[in-house]
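Worksheet: one structure, shown below.
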Amino acid sequence: MLTPVRSTRVTSLAGVLSAALLLPGCNQGARIRAEALAASQPVTFAASDGVQLSGRLFGPPDATAGVVFAHMLPADQSSWFDLAQQLASQGYRVLTFDFRGYCPGGDAGCSKGEKDIPAAWKDVTGAVTEMQSLGVQHLALVGASMGGTASLVAAAQTEAGLVAAVITLSAPQSISGLVAGPDVLQGVIGAKLFIAGSEDQVAAGSAQVFYDESAAPKRVQILTTADHGTDLLTGGQGEVAKNLITGWLDQYVPVGGLPAPPGGTPSGGVSPGAVSP
């Protein structure tokens, strides 16, 4: 019996061609990341209990509209760099950071302390204080998974009116002692957008509960995907997720303008359990 050498060669050639086709996209991604890092600067600041955290600042120094990004477990601040640079190019002052005990090193930074999920909200409030010191007057908190829960807790602890919007991606109601219950949600005055994937059932359920237990303005958006946290930005529904985020920011934390009043109606209306195509 003859060995199908020709078939093997064809398969190998197809693999080489596929890799060659993917290469430009990979190179473009690396170029975008390099440009984002070149346009930003490393910073250190203190959590509200004094732990020293590592972050990066993007965007114009004189911006009055800002965004704080909080990463998921087990990621780090670099998972936000691409979106941070996109928003910075639109005029936002953007801060990414590593939660305490996260030390990926290099451009991704190195925060001090031990990992402490119940205290993660204190890292977010420290980031809020840092942004205030830089002249940011209207702020959005955007968090993925653990970072989303921490952002909700932090928003409930901050001065009324400072946090104009909170956006969560796949945030759980509780994780290792960090809890965003009804009391927390009622304390979040800003406009709330809860995003999750339909096949990420726990996250989707939490997003709906967050919506149900919080005051307007609010919106829940369940996307047709299994992606979780910042993976929502790079998966099949990535453009939809990014457009939801930028649209919410444009309405409630606009560059060069005043945020919509807390009682306003979100663009597209309140959407309990909406599913994007």
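The values are calculated or read from the model by the stated rules, or taken from the named source; none is laboratory data. Note that the structure is a prediction, hence the values are computed from the model and not measured. A quick note on method: Cβ atoms are made from the backbone with ideal geometry, for glycine too, and the neighbour counts reach across all protein chains shown.
General observations
- For beta carbons closer than 7 Å, sequence separation of 6+ or different chains, a first residue in region 233-246 that is more than 15 Å from Thr168 (Cβ to Cβ) and a second that is surrounded by fewer than 17 Cβ atoms within 10 Å (Cβ to Cβ) and not hydrophobic (A, V, I, L, M, F, W, C), the qualifying pairs are Gln237/Thr224; Gln237/Ser276; Val240/Ser276.
- Number of the condition not met by Glu213 [criteria: (1) among the acidic types (Asp, Glu); (2) free of Cβ contacts under 8 Å to residues at least 24 places away in the same chain; (3) over 24 Å from Leu83 (Cα atoms)]: (2)
- Residues that are surrounded by 22 or more Cβ atoms within 10 Å (Cβ to Cβ) and over 18 Å from the mean Cα position of the chain (by Cα), drawn from region 79-116: Ser111
- The numbered conditions (1) in contact with a helix residue (DSSP H, G or I) (Cβ under 7 Å, 6 or more places away or on another chain); (2) at pLDDT 95 or above are all true for Pro272 except (2).
- Looking across region 206-259, just one residue is in contact with a helix residue (DSSP H, G or I) (Cβ under 9 Å, 6 or more places away or on another chain), over 14 Å from Ile195 (Cα atoms) and among the acidic types (Asp, Glu), and that is Glu213.
- Taking the criterion of being at pLDDT 95 or above, more than 13 Å from Met146 (Cα to Cα) and of a type outside the set (Asp, Glu), the residues of region 158-188 that qualify are Val163, Ala164, Ala165, Val166, Gly181, Pro182, Val184, Leu185, Gln186, Gly187, Val188.
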